[in-house]
Amino acid sequence: AVVKDLFAGTIGGCGGIVAGQPLDTIKVRLQSPQTAKLYRGSLHCFIKIITEEGFLALYKGIASPLAGNAPMQAIVFGMNGNANRLMDRYVPALREKPEEISGGKKPLPNLARMYLAGTWAGIGQLSVCVPVELIKCQLQVQQDSKLKLYKGPLDCAYKLWRSGGAFGLYRGFWATFWRDAPTY
């Protein structure tokens, strides 16, 4: 069941990344100080990227989130299950309580328990998510092939590491923490 859930989560996550990447690229271009002034809005950005850089430019930086998806899913599933087992053992007030439904017993969801387990999982996935997103965004804002700072995701990770050490890969950690931790 765990392998099936992990596989389904990874495939679904990758599908979501592929579907959402063009919009994410447009969002990052509009938010980045280096590129925001080049566009009048979302539609203008979309058209300009396609006409000046080609359709595939909408998918710049996609390798990083695709590669990071499986480890992030594994961390989320593992930490969520871990948190639920710990709460069962050490926090009796948060145990799921059976409720009679149509003659059978079905656990009644405990919203506090779900929130705490999800937050724990959200915190855990940050170890992969923050560098993946940073690399993706750095690659998305490169629009001129002559002035490319990074050749690809590995080159970007290497240069971020060289310029800032391990912390260089975690720039933006706290913003991502507050965005992601409470939403899993």
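The values are calculated or read from the model by the stated rules, or taken from the named source; none is laboratory data. Owing to the predicted nature of the structure, the values given are computational and were not obtained by experimental measurement. Please note: Cβ atoms are built from the backbone with ideal geometry, for glycine as well, and neighbour counts cover all protein chains shown. The accessibility values were calculated without ligands, DNA or RNA, using every heavy atom of the protein model including side chains. Shrake-Rupley method; radii C 1.70, N 1.55, O 1.52, S 1.80 Å.
Sorting Val28, Val128, Val91 by accessible area puts them as Val91, Val128, Val28; the probe is 1.4 Å, largest comes first, and only protein heavy atoms count. Within the listed set Ala112, Ala36, Ala121, the Gaussian network model of the chain (springs between alpha-carbon atoms below 10 Å) gives the highest mean-square fluctuation for Ala112. Among residues other than Leu139 with Cβ under 15 Å from its Cβ, the summed charge is +3 (Lys and Arg +1, Asp and Glu -1). A dipole drawn for the chain from +1 and -1 charges on Cβ atoms has a positive end, and of Leu134, Leu86, Gly15 the residue lying farthest that way is Leu134.
Averaged over its residues, the chain has an accessible area of 62 Å² per residue, based on protein heavy atoms and a 1.4 Å probe.
Rounded to the nearest 500, the 222 nm mean residue ellipticity of the chain from helices alone is -23500 deg cm²/dmol, with -39,500 (n - 2.57) taken per DSSP H run of at least 4 residues.
Given +1 at the Cβ of Lys and Arg, -1 at the Cβ of Asp and Glu and no other charges, the dipole of region 6-145 around its Cα centre is 260 debye to the nearest 20.
Under a Cβ-Cβ cut-off of 13 Å, what is the net charge of the residues other than Ala157 that fall near it, where Lys and Arg count +1 and Asp and Glu count -1?
+3
The portion of the accessible surface of the chain made up by carbon and sulfur, rounded to a whole percent, is 67 (1.4 Å probe; DNA, RNA and ligands excluded). When the listed pairs Lys4/Lys151; Lys4/Lys159; Lys37/Lys159 are checked against a 29 Å cut-off, the alpha-carbon distance exceeds it for Lys4/Lys151; Lys4/Lys159. Averaging Cα coordinates gives a centre for region 35-88 and one for region 135-184; these two points are 12 Å apart.
For the chain, the longest principal axis of the C-alpha atoms and the axis of helix 111-140 are separated by about 10°.
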